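Taking it in order: structure first as structure tokens, then the write-up.
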């Protein structure tokens, strides 16, 4: 919550109709719950925009082999569902393979986000102006209120959470080389050093066979993300699953 206050302003200054959220989720076990959330948000308060993309984030379009990690991981809502940690190494009859569609995240962002027409005013501001125009106050008061509303409109902020269980080692370099990453204000998420060794067959051109190699690679990626004076995106290391079991009911 503090991160979003830092990036998007205090709770009292935000209006959820101004935000558009895309949730990219590879695990089919989560799709039903995410659809329920999305539908609840669409039906609430003129529609909160929360869209589900049922695919894996990758550096190429196609299909990816993922591994359900078995009994222990089921207790944690399958946090370990990934394509780099082979279930065959786990002695668990509940572990198994699943193939899911993948998207090249840099292409998807370019088409679905960067080429979108951004409204001149946020929806909440447009709504406020509409209410002012229908108000019975004097024209002068209306004009003053409209100018105040327009002058206080927030700058669009583009943020991303990345927690993709080891695929960040191919996705982040692709976002950097395609220059897609520089369109973001911030990205927060985690690396998965504990998954070492990572099989090069998943697309890596560098050796990631030891934890030390992974740690060096992570530092290099982070430094490159934040090194250019012409690219102001920030990487924030954070692993937060607080909202998974927060007990707050969906809006109705």
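A compact table of results
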| quantity | calculated |
| --- | --- |
| For a label point 7 Å along the Cα-to-beta-carbon line of residue 33, residues of the stretch 218-250 with backbone N under 16 Å | 240-250 |
| Residue order, fewest to most beta carbons within 10 Å, for 66, 184 | 184, 66 |
| Burial ordering of 115, 241, 7, fewest other beta-carbon atoms within 10 Å first | 115, 241, 7 |
| Sequence of 29, 212 once ranked by neighbouring C-beta atoms within 10 Å, starting from the fewest | 212, 29 |
| Separation in nanometres of the label points that stand 7 Å from Cα toward Cβ, at residue 178 and residue 239 | 2.6 nm |
| Residue 207-residue 4 pseudo-label distance in nm [points 7 Å out on the Cα-to-Cβ vector] | 4.4 nm |
| Among (1) 18.9; (2) 20.7; (3) 19.9, the entry derived from the coordinates for Kirkwood radius over Cα pairs in Å | (2) |
| C-alpha long axis of helix 211-225 to longest principal axis of the chain, angle in ° | 30 degrees |
| Relative contact order [Cα under 8 Å, 6+ residues apart], the chain, whole percent | 17 percent |
| Net lengthening on full extension, residue 157/residue 97 (0.36 nm per residue, minus Cα-Cα) | 17.8 nm |
| 0 to 90° range, to nearest 10: angle between helix 123-133 axis and the chain longest Cα axis | 10 degrees |
| Principal-axis tilt of helix 28-42 within the chain, Cα atoms, nearest 10 degrees | 0 degrees |
| Length added when fully stretched, residue 63-residue 43, from 0.36 nm per residue minus Cα-Cα | 3.9 nm |
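Taken together, the values in this text are just the output of simple stated rules run on the coordinates, not laboratory data. Quantities reported herein were computed from a predicted structural model and do not represent experimental measurements. Positions of Cβ are backbone-derived with ideal geometry, glycine not excepted, and every protein chain shown enters the neighbour counts.
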